[in-house]
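Okay, structure first, notes after.
FYI, it's all coordinate maths here, none of it is from the lab. Bear in mind the structure is a predicted one, so any value in this text is a computation, not a measurement. Here Cβ is always computed from backbone atoms with ideal geometry, including for glycine, and neighbour counts include all displayed protein chains.
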Amino acid sequence: MKEKKYNLWAIFWATLALLYFFVPLYGTFDFSLRMEKGRLSFLAYQSVLSDPNFLASFRYSAIMGIITVIISVLIFLPTIYWMYLRLPQARPIVEIITILPFIIPVIVYVFGLIRTFSGPPFQLTVTPFKTDILITAGYVMVSMPYMYRAIDIGMRSIDVRTLTEAAQSLGSNWIQILANVIVPNLRIAILSGALICFATVIGELILGDFLVRPALGPYMVEAGRDQAYQPAAMAMLAWGLTWICLGLLQYFSRGRASAQQLTGR
Amino acid sequence: MAEIVAKINPTKAVNRSEALAPLWNWVGVLPFFIFIFVFLILPSTNLFVGAFQDRNGNFTLANVSVILDPYVLKSYSISLQISVITSVLGGVMGFFVAYAITIGKAPAWMRTILMSFSGLAANFGGVPLAFAFIATLGHTGFLTAILRNICFPAAGGSQTCPFDIYQAGFNLYSVTGLTLAYLYFQFPLMVLTITPALVGLKREWQEASENLGGSSAQYWWNVALPILWPSILGSAILLFASAFGAYATAQALTGGSIYLVTILIGQQIRGDVLNNPNEGYALALGMVVIMAVCIVGYSILQRRTVRWLKS
């Protein structure tokens, strides 16, 4: 059987895909350089990065991202550990619960949050601090499928029972077992979960917008309304950030390829 | 007393403590369930209960009639339209790109770039995606400007510029524009989800088909596609769901002038545009029902695929 050197049909689709990837990418880059009339410059980037509102909203979202990561790990890690150790029968239930955020779109979810927590008995929308508690819970929920899956995959690859028994026979208590035995074995899983979680919070629009907190998403929509070149620069920055996050993710989880979704749409 | 009972009937006591132990184990996952209950189950059920209440809190099915509201009908039809079109187009394109990467033997450098860019683009959504398309295909966008300046001299000394897309009726801030933007993450998502299935196609199957005198078309039609269809359909459903639930790109691109269901829900949250909060909850419930059907369908099909890929 003679084999053709190149399959033209394959090359056609590959080329089409490459064009679809690169034309908007290059177009955005080119556009972002044209803020100054007549010459190419990084003025739009300077303008974005020196805007105090951008910096403030970026800082808010980044801090929220870190808090969300910490709370997610504190909730999911002990739960999944305990489940593997003592309660394997809970896994199907917990698994279904953790994909619920895929079924309930964020816009519907925030609707429910507002209906539930904007009045008594659990009013959480009156002060910025209380709203921050609510929004953090929301971020934890929205990123739960990714965080749960990351830790679950990690936990599956270690022998929880043997490690626990070994630690117990050496006299460790539960906190010591988790902190000194389980967590070091799950470093990579926790790290990749944390990256996805952080990226989700940074890119999240709906929670910040409808709970009226100064997050990055609402700032960008606002900026897109009355600026021309800065949004293009922000798109390039977001592109770079996604690239870094995915690169780190791939670097940390070499060999464990899985389709991951980062941003909230 | 208890000691005596235990002595008389020791098996019963053992049984009781064994029955209690698993119950005690559930305490370990209690914090998780409390958190889920307060911040996921409570808000969701609260919303869905509202969908079946009238203004005074009495049970009613009347809110379901919100679907007959012209705005709601329009929003559902536009959302469904965009989701179906982008999942079909994205599905077809993604399938062939995945084919090019795996079986099609595209040049190695193309495969590497396509694979890593699929991961990247599938995750590039939200507001920045809208910005990228405005910069590329907006009124003064990069590609718009290039196309506009391709002109030819026409009869009578004037010029004709056949690629002036806005002159030709194109508008980025429309359903067409939104479709183009969604495809940017839809077809890479298809590439990511369908590639494992294509890799799972065994070379022996094709060889067997060839040995029996089957043509390439016959192999695809009679062997490969019957194996692949659950994963193709499953991936398409996933694409549909990802477009159906999307909000940020549409909001940033069109400022809410395209009536998607998600946009309408957003407006309902802000200002009760339906003039009846309970109808708003019914609207939201409708979305969840559609999403639930999608995810359940996807996981059933996924299970069928796994069966093939493992064997």
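Overview of values
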quantity	calculated
Check on residue A:125, more than 19 Å from residue A:71 (Cα to Cα), outside any helix (DSSP H, G or I), touching a residue at least 12 places away in the same chain (Cβ under 8 Å) and not charged (D, E, K, R)	yes
Candidate set from segment A:109-147 (those that are at the interface with chain B (Cβ under 10 Å from one of its Cβ atoms) and among the aromatic types (Phe, Trp, Tyr)); member that is surrounded by the fewest Cβ atoms within 10 Å (Cβ to Cβ)	A:122
Residue in segment B:255-274 that is away from chain A (no Cβ under 13 Å), outside any helix (DSSP H, G or I) and free of Cβ contacts under 8 Å to residues at least 40 places away in the same chain present	no
Single condition residue A:154 does not satisfy, out of (1) surrounded by 21 or more Cβ atoms within 10 Å (Cβ to Cβ); (2) touching a Ser or Thr at 6+ places or on another chain (Cβ under 7 Å)	(2)
Helices (runs of 4 or more DSSP H) enclosed by segment A:1-103 - at least 3 residues per element that are in contact with a Phe, Trp or Tyr (Cβ under 7 Å, 6 or more places away or on another chain) and facing chain B (nearest Cβ under 8 Å)	A:8-32, A:52-86
Residue in segment B:114-127 that is more than 7 Å from chain A (Cβ to nearest Cβ), within 27 Å of residue A:247 (Cβ to Cβ) and crowded, with 16+ Cβ neighbours inside 10 Å present	yes
Members of segment B:130-148 found to be small (Gly, Ala, Ser) and in contact (Cβ under 8 Å) with a residue 60 or more places away in the chain, listed by number	B:130
Filter pass, residue B:103 being surrounded by fewer than 17 Cβ atoms within 10 Å (Cβ to Cβ) and in contact with a helix residue (DSSP H, G or I) (Cβ under 8 Å, 6 or more places away or on another chain)	yes
Given (1) over 21 Å from the mean Cα position of the chain (by Cα); (2) more than 14 Å from chain A (Cβ to nearest Cβ); (3) touching a residue at least 24 places away in the same chain (Cβ under 8 Å), index of the condition residue B:151 fails	(3)
Enumeration of residues in segment B:26-54 that are more than 7 Å from every other protein chain (Cβ to nearest Cβ) and either under 26 Å from the mean Cα position of the chain (by Cα) or under 16 Å from residue B:284 (Cβ atoms) (or both)	B:37, B:41, B:45, B:48, B:49, B:51, B:52, B:53
